[in-house]
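Asker: Could you have a look at this structure, given as structure tokens, before my questions?
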Amino acid sequence: MKRTLFVIVVMTMYSMVCDAQKASSNIIPAPVEFEQYGYGFTIDRNTKIIVNVTGNEMQVAEYLHGILDTLFGGIKPIVAKRDNPKYSMANSIIFILTGERKLGKEGYELDIQRDRIMIAANENAGFFYGVQSLLQYYGISPNGEFSYLIKARNQSDTTLKLVSSTEAGCKIADYPHFAYRGKHLDVCRHFFTVEEVKAYLDLLAYHKINTFHWHLTDDQGWRIEIKKYPLLTQIASCRDQTMIGHYRDYKKDEPLRFDGKRYCAFYTQEQIKDVVKYAAERYITVIPEIEMPGHSCAVLEAYPQYSCRKGGIKAEGRWGVFDDVLCCNDSTIRFMEDILAEVCELFPGKYIHIGGDECPKTRWKECPVCQATKQKQGCKDEHELQSYFIRTIEKFLNSKGKSVIGWDEILEGGVTGTATIMSWRGVNGGIAAAKAGNDAIMTPEEFMYFNWYQADPKTEPLAFGGLTPLEKVYNYNPVPQGLTSEEQKHIIGLQANTWTEYITDFSNLIYMDYPRVAALAEIGWGKNSTYEQFLLSVERLKPLYKKYMEIK
Ligand code: ACM
Ligand code: ZN
């Protein structure tokens, strides 16, 4: 991927778009407390980064150092105050460990004074978010490759100053409302390269999203290398062709048209590790999703012995929900456990997502093997059979120290007390989960599916359907009505999902996700803005989003 490296010569510390009485930070998500000064601070290539001790905060100090180094094409090394007690604090960005309880793990204080900037936090994530706010305040792109606020520049000029014209420093105290702030990406219907996923993570981190849900397996392709089962990447990672257009474009009984192009892609385990590390450096936990028992056509092409009809199944070139699913028996469960054992090694986070959605029971009802399992396990119907499948897998994952997330269908045949539910078919799954004492993540499709249209379909590129404009996303409240305060604690946060049937490239992905991710971030952080302020902040970020749409 080629990124334009802008040599920034002079950059204005951007004027606040605000009314005279109450300044708006223009940071997304808007900070809890924000106060503007009548003076500001200029960052230039001589600005020093100072840490008190070379302890924890060093990691984020180094990250900021890398960004400014890229931006200016060289800056001074980080200074450890302990080793240089007489060192001048002027023209510096200072990292300070604090014991401020209200900031929690992810909170921070950012103080942009006349001659220095101070970032205080309890933990690294807090320092990291302080830096993100700093970058947004100055209009510096996530990795320091360009500024999106300043037009410029004479590339040969080496004065390399960040100058403030309508300068205004500020004091921020900030911390999130929800612990879980997630964004999902489907890489099965269309694939995104490691470089693209990294760029995607950069933007998420920039908006203080802390969880990336990576949808790695589905009917149309298996995208993760599993060493024990090489056919998953040799066969299941490919589909022969892809349907053209949307079902609604076809007349009744009109045959589907296909593009005739084989589509193959997957991530090696080394690439997965690389992405997980990259995410961790941005305080993002990656949750892999390995779908079961539905959405499994691709895996069943490679390993037909785990289907109910033992053959004739192909990775799908159509979109939708398909009858061929994993056969419910011990050998299938062992197969999935083997896969998950490798997955657990690759993803150090607490959660593994095991899908559980949209699993038709057509085959199970006809399959003698599934029926035998049903009888043996004392299940009264196929929903309970699915519940048996999921619970057995959950036990296995628990034995590996992991917790399970599933789509809200896993509630149907009875769920264990420990699974976390992703409520996507509206909010009822989340309500039921919270009432049962299970944690829930709210991702109702009507508000949180960013593959839905964001404006009049007549003016938009082809999308799934529905309509989820920015304001509707912004107005979503993830805590459903009717829960007691104890039950509300089980709503651990929210997530937006982007399924990529109609999203064929990175540019379109960014187009669909932004600025809706900005609204997601705003809700997740606790919505400290009015919608009007939020829109002004979005305007300011639009040139950044545009740049990301142009990444090749
Ligand atoms: C889903 O959209 N099938 C979770
Ligand atoms: Zn079966």
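The values are calculated or read from the model by the stated rules, or taken from the named source; none is laboratory data. None of the values given here were measured: they were computed from a predicted structure. Methodologically, a virtual Cβ is constructed for each residue, glycine included, from the backbone with ideal geometry; neighbour enumeration extends over all protein chains shown. The accessibility values were calculated without ligands, DNA or RNA, using every heavy atom of the protein model including side chains. Shrake-Rupley method; radii C 1.70, N 1.55, O 1.52, S 1.80 Å.
Asker: I want to confirm something. Restricting to the range 334-360 and keeping residues that are part of a loop (DSSP other than H, G, I, E, B), more than 16 Å from ligand 1 (Cβ to nearest atom) and open to solvent by less than 60 Å² (accessible area, probe 1.4 Å), which single residue is farthest from residue 224 (Cα to Cα)?
Answerer: Taking the candidates together, the pick is 349.
Asker: Please go through the range 428-452 and pick out each residue that is more than 14 Å from ligand 1 (Cβ to nearest atom), under 23 Å from the mean Cα position of the chain (by Cα) and assigned to a loop (DSSP other than H, G, I, E, B).
Answerer: 438, 439
Asker: Of these, 244, 235, 272, 284, which one is of a type in the set (A, V, I, L, M, F, W, C), without any contact (Cβ under 8 Å) to a residue 24 or more places away in the chain and in contact with a Phe, Trp or Tyr (Cβ under 9 Å, 6 or more places away or on another chain)?
Answerer: Just one listed residue meets the conditions, 244.
Asker: Given the criteria among the acidic types (Asp, Glu) and within 23 Å of the chain's Cα centre (by Cα), does residue 487 qualify?
Answerer: no
Asker: I'm trying to understand the selection: among the residues of the range 102-151, which are β-branched (Val, Ile, Thr) and under 15 Å from residue 171 (Cα atoms)? Step through it out loud before you land on a result.
Answerer: So the first thing to find is which residues in the range 102-151 are β-branched (Val, Ile, Thr), and the list is 112, 117, 119, 131, 140, 150.
Residues satisfying the conditions are 112, 117, 119, 131.
Asker: Let me ask something else. Please state which one of 381, 357 is closer than 17 Å to residue 291 by Cα and charged (D, E, K, R).
Answerer: Exactly one of 381, 357 is closer than 17 Å to residue 291 by Cα and charged (D, E, K, R), namely 357.
Asker: Sticking with this structure for a sec: Looking at residue 93 and the list (1) within 18 Å of residue 283 (Cα to Cα); (2) open to solvent by less than 30 Å² (accessible area, probe 1.4 Å); (3) hydrophobic (A, V, I, L, M, F, W, C), which single condition is not satisfied?
Answerer: Here residue 93 meets the rest and fails (1).
Asker: Specify which of the listed residues (399, 387, 403) is closer than 18 Å to residue 292 by Cα, open to solvent by 10 Å² or more (accessible area, probe 1.4 Å), more than 12 Å from ligand 1 (Cβ to nearest atom) and small (Gly, Ala, Ser).
Answerer: Of 399, 387, 403, the one residue that is closer than 18 Å to residue 292 by Cα, open to solvent by 10 Å² or more (accessible area, probe 1.4 Å), more than 12 Å from ligand 1 (Cβ to nearest atom) and small (Gly, Ala, Ser) is 403.
This table checks each residue for (1) more than 16 Å from ligand 2 (Cβ to nearest atom); (2) in contact with a Cys (Cβ under 7 Å, 6 or more places away or on another chain); (3) closer than 21 Å to residue 185 by Cα.
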| residue | (1), (2), (3) |
| --- | --- |
| 227 | yes, no, no |
| 236 | yes, no, yes |
| 240 | yes, no, no |
| 268 | yes, no, yes |
| 325 | no, yes, no |
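Asker: Residue 283 fails exactly one of the following numbered conditions: (1) in a loop (DSSP other than H, G, I, E, B); (2) in contact with a strand residue (DSSP E or B) (Cβ under 8 Å, 6 or more places away or on another chain); (3) within 29 Å of residue 182 (Cα to Cα). What is the number of that condition?
Answerer: For residue 283, the failing item is (2).
Asker: Restricting to the range 334-361, give me the number of residues that are in contact (Cβ under 8 Å) with a residue 12 or more places away in the chain, within 16 Å of ligand 2 (Cβ to nearest atom) and out of contact with any strand residue (DSSP E or B) (no Cβ under 9 Å at 6 or more places or on another chain).
Answerer: 2
Asker: Additional query: Would you check which residues across the range 361-372 are farther than 27 Å from residue 429 by Cα and open to solvent by less than 40 Å² (accessible area, probe 1.4 Å) and list them? Walk me through it before giving the result.
Answerer: From the range 361-372, those farther than 27 Å from residue 429 by Cα are 366-369, 371-372; that's our starting set.
Selection gives 367 alone.
Asker: What single numbered condition from (1) free of Cβ contacts under 8 Å to residues at least 24 places away in the same chain; (2) outside any loop (DSSP other than H, G, I, E, B); (3) within 16 Å of ligand 1 (Cβ to nearest atom); (4) not β-branched (Val, Ile, Thr) fails to hold for residue 409?
Answerer: Evaluating residue 409 over (1) free of Cβ contacts under 8 Å to residues at least 24 places away in the same chain; (2) outside any loop (DSSP other than H, G, I, E, B); (3) within 16 Å of ligand 1 (Cβ to nearest atom); (4) not β-branched (Val, Ile, Thr) leaves (1) as the failure.
Asker: When residues of the range 7-29 are filtered for being at pLDDT 50 or above and either of a type in the set (Val, Ile, Thr) or crowded, with 23+ Cβ neighbours inside 10 Å (or both), how many remain? Lay out the reasoning, then the answer.
Answerer: Here is the first cut: in the range 7-29, the residues at pLDDT 50 or above are 22-29.
Imposing the further condition that a residue be either of a type in the set (Val, Ile, Thr) or crowded, with 23+ Cβ neighbours inside 10 Å (or both) reduces the set to 25-29.
Within the range 7-29, residues that are at pLDDT 50 or above and either of a type in the set (Val, Ile, Thr) or crowded, with 23+ Cβ neighbours inside 10 Å (or both) number 5.
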